[in-house]
Amino acid sequence: MVPEMPAEAPTIANVTGSRAPAGPMVPARYRVTDHRQDNADTVTISLMPIDDPIDDPQPGQFTMLYAFGVGEVPISVSGCPRHEGVLMHTIRAVGATSRALCRLEPGSVVGVRGPFGVGWDVSSAEGSDVLIVGGGIGLAPLRPVVREVLAARERFGRVALLIGARTPEDLLYAEEVERWRAVPDVHVEVTVDAASRGWNGHVGLVTALLDQLPITPSLTTSFLCGPEVMIRVVARDILEAGSPADHIRVSLERNMHCAVRQCGHCQLGPLFVCADGPVVTWAVAADLLAVRRW
Amino acid sequence: MNATSIRDLLAAQPVLRDLEPADIDLIAGCGHNEVFPAGAFLTHEDDQANHFFIVREGQVALEMHTSTGPLLIDTIGARNLVGWSWLFPPYRWVFDVAAIQTTHAVVIDAACLRDKCDADTAFGYRVMKRFAQVIVDRLQTTRVRLLDLYGAGNAC
């Protein structure tokens, strides 16, 4: 006797019923509601929960995104539900899993674990000047910081946003950056490594612009994210200008697999970056990033 | 604009910090103030490097012409030096320099300053030290840029 087939074959997206008791290793299913191509190799996807949603991430935290059948990667949150109504991730296609995630169209389903790690702690910067430096895709984890600062602008001192990109075409969130630039009392500068005539921004390393920003380094809380070399040179310059090391926050990037301090892939000296980071102060990071490990 | 006001303009430039007031006076004697409208060229590649510039306000771009059009190599904003081709033979500019915005600059006569440096070698040494610091800073940032920080190989 041939068993009767269900009217609709079960798929990851349509299985219903209560989820197994959720733990940090159990992904929640989310549906892609929007897919925006930011530049040639970077995409921002918006997600809405199918299952119980994960806790609302803090700016700077990350999730593990699971492209079913391909793999799981850590991705910083670039938009928090409390700001956007959806969970947003900006993903650069650099490997098999990130490429699969970048190909997801609205309606697709992904697994989400998290949120994990230590965030930027934006509220601790209230009352001080704020410097936000994002390089390349490093601007993505800083986007929620900008959103949070602008949403409570009166609580912060002078605000400067410094963005580095490879070329003008590689700049993330170009339209949004222009909206940030239009906000009174927010200083925004963009610098690129290469440009053609017609580009009215800066060309050069982000450090070249630091001394032109309207902030007082000794009274500034800085948020830095980008390539590690950029973080090092910027942090050292800010430090030399008089900013205390514990007022400089940096987001570390390591090879996070389990995200729950078990597998050890993300160890950096005494830190498990997945749990003790990714955001740490420069007072913690300076010596760790200065060590040549291989 | 007289030499006294040029001196005051130069004294306010951080790029000349560490120089003695008397040194600033000597440099100011070789300088004049000039305004370049957006789009104007301060100099062109292969021109004689008879001058260098201290940008007071605005921004300039170092450009190099290529078969696909001019490429921007670097931008230099207020309170910075532009040009060191005047220091060494053959005294020719390597890049075009164009004003991206209306740019106010103190233009220093290179031959005048070289003569003063030769005549007073202690002064010349202090000037060279200041320029060497600028050159080193630019070299270091250029080396970092050569890493292609934001390329896929450095994805973060």
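The values are calculated or read from the model by the stated rules, or taken from the named source; none is laboratory data. Bear in mind the structure is a predicted one, so any value in this text is a computation, not a measurement. Heads up, the Cβs are rebuilt from the backbone with ideal geometry, glycines too, and the neighbour counts pull from every protein chain shown.
A few notes on this one:
- Those helices (runs of 4 or more DSSP H) of the range A:189-294 in which at least 1 residues are over 28 Å from A:S98 (Cβ atoms) and either of a type in the set (K, R) or within 14 Å of another protein chain (Cβ to nearest Cβ) (or both), considering only elements entirely within it, cover A:228-240.
- Listed by first and then second residue, the pairs with beta-carbon distance under 6 Å, at least 6 apart or on different chains, first residue in the range A:51-73 and more than 16 Å from A:A259 (Cα to Cα), second part of a loop (DSSP other than H, G, I, E, B) and among the charged types (D, E, K, R), are A:D51/A:R19.
- Unique residue being in a loop (DSSP other than H, G, I, E, B) and either within 14 Å of another protein chain (Cβ to nearest Cβ) or surrounded by fewer than 20 Cβ atoms within 10 Å (Cβ to Cβ) (or both) when the list is B:D18, B:D8: B:D18
- When we screen A:D193, A:D246 for residues that are free of Cβ contacts under 8 Å to residues at least 40 places away in the same chain, surrounded by fewer than 17 Cβ atoms within 10 Å (Cβ to Cβ) and of a type in the set (D, E, K, R), the only hit is A:D246.
- Verdict on A:V229 being without any contact (Cβ under 8 Å) to a residue 12 or more places away in the chain and under 21 Å from the mean Cα position of the chain (by Cα): yes
- Any hit, the range A:204-222, residues being touching a Phe, Trp or Tyr at 6+ places or on another chain (Cβ under 9 Å) and within 19 Å of A:V284 (Cβ to Cβ): yes
- Some residue of the range A:166-184 being out of contact with any Asp or Glu (no Cβ under 9 Å at 6 or more places or on another chain) and in a loop (DSSP other than H, G, I, E, B): yes
- Residue in the range B:105-119 that is of a type outside the set (D, E, K, R), in contact with a strand residue (DSSP E or B) (Cβ under 7 Å, 6 or more places away or on another chain) and either within 10 Å of another protein chain (Cβ to nearest Cβ) or without any contact (Cβ under 8 Å) to a residue 60 or more places away in the chain (or both) present: no
- Strands (runs of 3 or more DSSP E) wholly inside the range A:87-163 containing at least 3 residues that are within 14 Å of chain B (Cβ to nearest Cβ) and at negative phi: A:87-92, A:129-135
- Answer from B:L87, B:L42 - the residue that is at negative phi and either modelled with pLDDT under 95 or within 11 Å of chain A (Cβ to nearest Cβ) (or both): B:L87
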